[in-house]
Each structure stands twice: as C-alpha cells, then as structure tokens.
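S.K.: Quick one: the structure is below, and I'll ask about it shortly.
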Amino acid sequence: MNGIKIRGTGRGVPEQTVCNAEIAGRVDTSDEWITSRTGIRLRHHSREGESFLSMTASAARRALENAGVGPEEIGACIVATLSADTLVPSAACLLQRELGLPEDILCFDLNAACSGFLFALHTMECLLNAAPRKYGLIVGAEQLSRLINWEDRGTCILFGDGAGAAVVESREGFPTISAVMGCHGNDALLHVPGAETGGRSLISMEGTKVFKFAVEAVPWCIRQVLDKAGKTMDDVDFFVLHQANARIMDLAVRRCRIPPEKCYQNIGEYGNTSAASIPLVLSELHEQGKIGPGSRVLAVGFGGGLTWGGCLIEFA
Ligand code: COA
C-alpha cells in the first residue's frame, strides 16, 4: 500500500475570543480554577451568523495554497466533525462546491469525536490508493460553542471553535502512517444527542472518568505506534496530542519520558476543539517552521465514542 505525507497545512479560526474571566461572569467558576485544572486561558467562539462552512473553507484554502496544490488536483475530501451546520448535505459536500473540487471524488464527513482527524488521515491513506488523483484534503473542524451546556460548569469552560486542514500526498515508496486506532462503544462518559432529542444537542461528560481513560490511552498509543513503525522516541521530532487538558499532556510527557519541548501545546489559546485540535497544532508548528520537509510527528487523539488513535506522520 502507498503511504501518505503531509504537504500543506492551514487553519481558520473565529476572531472572537472568550477569556476565563468572561466565563466566570456567566457561571460559578474562576480564572484560577480553569487555568490550573485545564491549562485553558482562552477559547474562540463564533459570532452569530459565522458559518461552519466559511471557517472550514478558509482552513482548506490555506492548506491548498501552502501545499501548492490546486483544487482540481484533489482525489478525496474528508471533513472530521461532530458539529457541522447540517447532517445532510455533509460539510464535505458543501466544501466541494465552495472550493470547486472535482466531482468524481469521494467527499464525506467522519465523526470519531476528538479522534476524528486521525481517523480521517488513516481513512484517506487507504482511499488514495484507489482515488483518481494523488492528493487528499482533510479538515478537522468544530463549532462546539453551539453545543455548550451553560448550566454545567464542568464542561462549559472547556470547548472552543476552529478548523485545521491538511493536504496529503499519496505516493509509492512513502511509508504508511502506522495507524493504531480503535473504539469501544460507550455512551455514558461523553454524549452529544442527535435526532433522539428532537430539541437542542448539548455536550455532557463525566470529566474525571474521561481523564482516567485518556491518561491510559495516550501512552499506550505512543508505544503501539512506535512499535508498528519500528521507530524509537528519538526518531520523532514532535509529539502532537489532542488538546483536551494540559494535565493529561503533562502526565503523558512524564510517563513516556518525552522531552517537554517536543510536546507542543496550544490549549491555552483554543481550549478543546475536538477534531480540529490536532490539525490546529500541526498548522502552527508548520507555520513557525518547527516542522517541515522530512519532519516526523507522532500524533495521538482520544475522545467520545470512546475512540482513540495514534499515527506517525511525515512531512513532504
Ligand atoms: N469551576 C470551579 N469548580 C468546578 C468547576 C469549575 N468550572 N467544574 C467543576 N468544579 C468543581 C466540582 O464541582 C467539584 O467540586 P466538589 O469537589 O465540591 O464536588 C470539583 O471542582 C472537582 O470536580 P471534578 O469534575 O472532579 O474536576 P476535575 O479535576 O476532574 O476537572 C475536568 C474537571 C473536566 C477539567 C477534567 O476532568 C478533564 O479535563 N477531564 C477530561 C476531559 C477530556 O479530556 N475531555 C475530552 C475528551 S475529548
């Protein structure tokens, strides 16, 4: 099977930021509690009327430009999300029209909650082996501000909006991403109702239990991916972990003996953006020149489902 490498990245983020003090003006919490328990200082929330599609399209356009790839060269498009504007049409179909992507390609949304971007990357790697063109477009995008339960101080502090995109290239001789992914059906720990309610969909979560799941899953995924790829910690330039809680990342860094400077965090500025969190980090690292051609990134995601995933991604 041909492997894939990332050629370009981009992001699109709503302008409006909401700081902890503003949240504390709305629910019974404090900047000190939120910062010390989560590492979050700010999150971006879309304003009324700002659409999911415009955020997603701006991330995708930047990734295409950064990769030097035209929309007509795309062979498949996946949007990883749980918060798109509509169930039908999918966000990926709307993006296809917006960007003028070819019509002979698979465009679809993928929901694996916070593991969504990595599930999409693995799916894309398989898909491009049979696609009409060698480039794939993947966007992780969320408008979680629309799903926040403002009656629940344990969750309303956490979530933000944003979109991160990557253009990948499939080629013979590229290594596969050594994906390790899975899920076990659990609807109790993290739940966002869909059509079942007939009303609004709001996020509910048993935070402490999800925390425990995450601190086991992250080191396990790191070890499994390295084993599968036949690589060691030293072969990895950056570890990009789902930005759910700085304490989860700090624990993983200690348990796996990752040099802290190799684990980039931007949770302070974005909060938890679910499927967008990993590509937002990738696009910042890429833009800052910290990763580029030849770099190797080990990414790990975990989230509702429960789902988890890890892979080793190289940059073209
Ligand atoms: N402000 C102030 N106090 C708060 C609070 C808030 N925003 N939210 C909860 N508390 C209180 C609780 O009421 C509880 O008080 P009590 O001891 O008097 O009952 C206390 O703080 C501890 O609550 P708990 O829920 O145990 O906190 P925690 O340390 O587990 O932190 C999370 C809560 C959500 C930050 C943490 O569990 C977490 O990040 N979990 C993982 C989330 C995650 O990864 N989700 C995404 C998967 S994609």
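The values are calculated or read from the model by the stated rules, or taken from the named source; none is laboratory data. Predicted model, so just to flag it, every value in this text is computed and none were measured. Heads up, the Cβs are rebuilt from the backbone with ideal geometry, glycines too, and the neighbour counts pull from every protein chain shown. Remember, those area values only see protein heavy atoms, side chains included, never the ligands or the DNA or RNA. Shrake-Rupley method; radii C 1.70, N 1.55, O 1.52, S 1.80 Å.
S.K.: Identify, by number, the condition in (1) away from the ligand (no atom under 16 Å from the Cβ); (2) surrounded by 20 or more Cβ atoms within 10 Å (Cβ to Cβ); (3) among the small types (Gly, Ala, Ser) that Gly198 doesn't meet.
M.R.: (2)
S.K.: Report whether or not Arg43 is within 16 Å of the ligand (Cβ to nearest atom), closer than 13 Å to Cys156 by Cα, crowded, with 19+ Cβ neighbours inside 10 Å and among the charged types (D, E, K, R).
M.R.: So Arg43 fits the description; yes.
S.K.: Those residues that are in a loop (DSSP other than H, G, I, E, B) and open to solvent by 10 Å² or more (accessible area, probe 1.4 Å), I need them from region 258-303; list them, please. Full working, then the answer.
M.R.: Start the filter on region 258-303 by keeping residues that are in a loop (DSSP other than H, G, I, E, B), which leaves 258-259, 264-266, 271, 273, 288-295.
Within region 258-303, Pro259, Tyr264, Gln265, Gln288, Gly289, Lys290, Gly292, Pro293, Gly294, Ser295 qualify.
S.K.: When you scan region 205-217, do you find a residue that is of a type outside the set (Phe, Trp, Tyr), part of a helix (DSSP H, G or I) and open to solvent by less than 10 Å² (accessible area, probe 1.4 Å), even just one? Walk me through it before giving the result.
M.R.: First, pick out the residues of region 205-217 that are of a type outside the set (Phe, Trp, Tyr): 205-210, 212, 214-217.
The next check asks that each one be part of a helix (DSSP H, G or I); those that pass are 207-210, 212, 214-217.
Okay, now just the ones that are also open to solvent by less than 10 Å² (accessible area, probe 1.4 Å), so 214.
For region 205-217, residues of a type outside the set (Phe, Trp, Tyr), part of a helix (DSSP H, G or I) and open to solvent by less than 10 Å² (accessible area, probe 1.4 Å): present.
S.K.: Taking into account only those residues within region 131-154 that are over 30 Å from Val69 (Cβ atoms) and either among the basic types (Lys, Arg) or touching a helix residue (DSSP H, G or I) at 6+ places or on another chain (Cβ under 7 Å) (or both), which is most open to solvent (accessible area, probe 1.4 Å)? Before you say what the answer is, go through the steps one by one.
M.R.: Going residue by residue through region 131-154, those that are over 30 Å from Val69 (Cβ atoms) are 145-154.
Still in the running and either among the basic types (Lys, Arg) or touching a helix residue (DSSP H, G or I) at 6+ places or on another chain (Cβ under 7 Å) (or both): 146, 148-150, 153-154.
Numbers: Arg146: 94, Ile148: 6, Asn149: 39, Trp150: 64, Arg153: 139, Gly154: 42 Å².
Step by step, filter region 131-154, then rank; the result is Arg153.
S.K.: Can you tell me which residue is farthest from the ligand (Cβ to nearest atom) among those in region 238-252 that are within 19 Å of Gln224 (Cα to Cα) and open to solvent by 20 Å² or more (accessible area, probe 1.4 Å)?
M.R.: The residue in question is Phe238.
S.K.: Scanning for something among the polar types (S, T, N, Q), surrounded by fewer than 23 Cβ atoms within 10 Å (Cβ to Cβ) and within 15 Å of the ligand (Cβ to nearest atom), does region 175-189 turn up at least one residue?
M.R.: Applying the first criterion (among the polar types (S, T, N, Q)) to region 175-189 yields 176, 178, 186.
Okay, now just the ones that are also surrounded by fewer than 23 Cβ atoms within 10 Å (Cβ to Cβ), so 176, 178, 186.
Still in the running and within 15 Å of the ligand (Cβ to nearest atom): 186.
For region 175-189, residues among the polar types (S, T, N, Q), surrounded by fewer than 23 Cβ atoms within 10 Å (Cβ to Cβ) and within 15 Å of the ligand (Cβ to nearest atom): present.
S.K.: So which residues in region 19-30 are surrounded by 16 or more Cβ atoms within 10 Å (Cβ to Cβ) and either closer than 24 Å to Ser54 by Cβ or not small (Gly, Ala, Ser) (or both)?
M.R.: Our first condition is that a residue be surrounded by 16 or more Cβ atoms within 10 Å (Cβ to Cβ); within region 19-30, this holds for 20, 23-24, 29.
Of everything in region 19-30, those that are surrounded by 16 or more Cβ atoms within 10 Å (Cβ to Cβ) and either closer than 24 Å to Ser54 by Cβ or not small (Gly, Ala, Ser) (or both) turn out to be Asn20, Ile23, Thr29.
S.K.: Which of the residues belonging to region 1-17 are surrounded by fewer than 17 Cβ atoms within 10 Å (Cβ to Cβ) and either β-branched (Val, Ile, Thr) or within 16 Å of the ligand (Cβ to nearest atom) (or both)?
M.R.: Just the residues of region 1-17 that are surrounded by fewer than 17 Cβ atoms within 10 Å (Cβ to Cβ), to begin with: 1-2, 15-17.
Thr17, the sole residue that qualifies.
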